[in-house]
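What follows is a short report on a single structure.
The values are calculated or read from the model by the stated rules, or taken from the named source; none is laboratory data. Please read all numbers here as calculations on a predicted model, not as lab measurements. Every residue, glycine as well, gets a Cβ built from its backbone with ideal geometry; the counts of neighbours run over all protein chains shown. Each accessible area value is taken on the protein alone, full model and side chains, heavy atoms only, with ligands, DNA and RNA left out. Shrake-Rupley method; radii C 1.70, N 1.55, O 1.52, S 1.80 Å.
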Amino acid sequence: MKTPGIYLTGMGVHIPDSVDAREAVARGEYDAADHEWYGWTGAAVAGETPAPDMAVAAAQQAVSRSGYPASDIGLHLHAGFFEQGPEGWSPQHYILRHITDRDVPAFSVWQACNGLVGSFDLAASYLLSSPERTAALLTGADNVGTPNYNRWDFGIQNGVLGDAASSVILSKRKGFARLLSVTSASTAEVEEQYRGSEPLFPPSLTTGRRMKMKERFASHQGVEETVAEVVQRQGELRTHIALQALAEADIDVTDVTRVTHVFTGQESYLKVILDPIGIDTERGLLEFGRNLGHLTVNDQVVGLEHLVTTGQVGPGDHVLLIAHGGGVSLSCAVVRIESQPSWAQ
């Protein structure tokens, strides 16, 4: 989808300090062989800071950096992968009440780790559908450090998760970057592999069952076989929508300056994502991400904020955001930097 007249006016992040992966190995939380093989050097750990509070901090920074009033915001979308607080409670409204006193709609978006980039599609469509709508606030946050979960043993996608929050404001007002296009798709048939043999009722959260993705994959046809099947199906569609997003942005793959993607500690994993599109790994964020862990919904926006604030991208540069969540949900977005914001180094 082309997104004419949609800008990024502000971005914000909240990233806790990273814990050295070697410390996790010494504590017996991280398998020594996995540490050596997958390349992670650390993971951002938020301690007892709730995910919605991190989202508030990121959103406040985004609003401050935008230079526009919070009263511009006419929509809030919040994405997360893990539980955000009390069951039956709406974290998106908690975040919204700390940002603006406007009675605007706020929705929770659950698309696994594709939730925040997928929200670009929803928010842009919302803004373009009515001339009265000015801006949308997007937030994402997770703290995976719950008592019954080991962030160092996720089981798939290299196996290490970090905590973080990020935020971006999409607006019809002029901003430091322009959203040129966004595409989304899903491979619904893959949900079976992520569900495994677990019953749908009662939900595992209510029974105290731990989330063990390896066990779910093993119940399908074996872990390695299932991962290979998901990677192939997901990879084909991800390549298709990435090239579609570039075409709709009226640019070629050679025009892409940098790429933000799911964080990984392994270059071979990044090559699986980028090679079929025709992009080399040097345009990615391997070194930056491997000390943070996979930040669930936040990798792509955290990566974009890093590129902008450190001056690694500037006016005229194009950044491709590639996201996938749970093997099922995928989104890509193309952003062109229009100017260097005052908050960049």
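Could you tell me the distance between the Cα centroids of the stretch 284-345 and the stretch 1-19, to the nearest Å? What the calculation gives is 8 Å, centre to centre. Taking Asp53, Asp34, Asp142 in turn, the Gaussian network model of the chain (Cα-Cα springs below 10 Å) assigns the largest fluctuation to Asp34.
Across the alpha-carbon set of the stretch 240-338, the Rg to Rh ratio works out to 0.93, Rh being the Kirkwood radius.
Set the Cα radius of gyration of the stretch 119-164 against 2.2 N^0.38 Å, with N its number of residues, and you get 1.82. Taken along its principal axes, the alpha carbon cloud of the stretch 1-53 reaches lengths of 51, 28, 14 Å, longest axis first.
Please identify, among Ser204, Ser167, Ser268, the residue showing maximal mean-square fluctuation in a Gaussian network model of the chain using a 10 angstrom Cα cutoff. With Cα springs under 10 Å in the chain, the top fluctuation among Ser204, Ser167, Ser268 is at Ser204. Plainly put, the stretch 1-130 has a radius of gyration that is 1.05 times its Kirkwood radius, both from alpha-carbon atoms, as the Rg/Rh ratio. In the context of the full set of protein chains, residues of the stretch 112-199 present 31 Å² of accessible surface per residue (probe radius 1.4 Å, heavy atoms only).
Of Ala112, Ala33, Ala44, the residue with the greatest mean-square motion in the GNM of the chain, using alpha carbon springs below 10 Å, is Ala33. Hydrodynamic radius of the stretch 29-81 by the Kirkwood approach over all distinct alpha-carbon pairs: 14.6 Å. Dividing the convex hull volume of the alpha carbon atoms of the chain by its residue count gives 127 Å³ per residue. Roughly how many percent of the accessible protein surface of the chain is carbon and sulfur, given a 1.4 Å probe and a whole-percent answer? Result for the chain: 51 percent of the exposed heavy-atom area is carbon or sulfur.
From helices alone, the chain scores -10000 deg cm²/dmol at 222 nm; the rule is -39500 (n - 2.57) for each run of n ≥ 4 DSSP H residues, then divide by the residue total. Among the GluC sites (Glu not before Pro) found in the stretch 19-120, those both in a DSSP coil and sparsely packed, with 13 or fewer other Cβ atoms within 10 Å of their Cβ, are Glu48, Glu87.
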